[in-house]
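Nothing in this text is a laboratory measurement; each read-out follows from the coordinates by a stated rule. Because the structure is a prediction, the values reported are computed rather than measured. In this analysis, Cβ positions are derived from the backbone assuming ideal geometry, glycine residues included, and neighbour counts consider all displayed protein chains.
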């Protein structure tokens, strides 16, 4: 986000999941965001858009309002237990935020490269003082973009940054985008996961098979709910930045 991007021509992409006849282009203040897919869940239509800045191409998840209720269940409905097939060798981490701590268990048996990347970034301090840059009530909260560090820089670039390393898509038939589960954001390239990740606020199972599910919240879902309730602008960015202040890898569970 620090430098102003060069003008980028609008790009067009057809919605490929549930509305094949609609073409949507989103342009945000000097940085181009273009629709790469869409899905419908619980009466709401969600657009998946991605932006390109330099070598980094990372996922943004944006809802498009249609009549009906929001997707899935409330994030207060409880977090389903993971299946035993993915609980071998669990790794635990504490995500420290503006409103308190969120403790998570990670699934290295199901997503070894994604978990290793998350752990390495956490230990290096990469995640320190990054904004929860995308907050979509009833859908997800998302963070992990280094361009948001300390809430500075160009807001039009928030959501387009990442780390220098990418990880491949790692899917498991046993893991779903249930409420309180963590997923790795990516661009239209399935193997472009980097540093950005999201926490599901609802049962967003339409995302299954498309994004790596690599962990779940075990304590602190009330903190997730508080983050999800802050005022946001028209781009689903918090009006007053709220932060992931650091991530600590734990020797054992909470």
To the nearest Å, what is the center-to-center distance of region 106-125 and region 141-176, using C-alpha atoms only? 14 Å
What FRET efficiency comes out for the pair residue 164/residue 85, r = Cβ-Cβ distance, R0 = 45 Å, nearest 0.05? 0.90
Rank these for me by crowding, 176, 133, going from fewest to most other beta carbons within 10 Å. 176, 133
Calculate the FRET efficiency for residue 252 and residue 189 from the Cβ-Cβ distance with a Förster distance of 25 Å, rounded to the nearest 0.05. 0.10
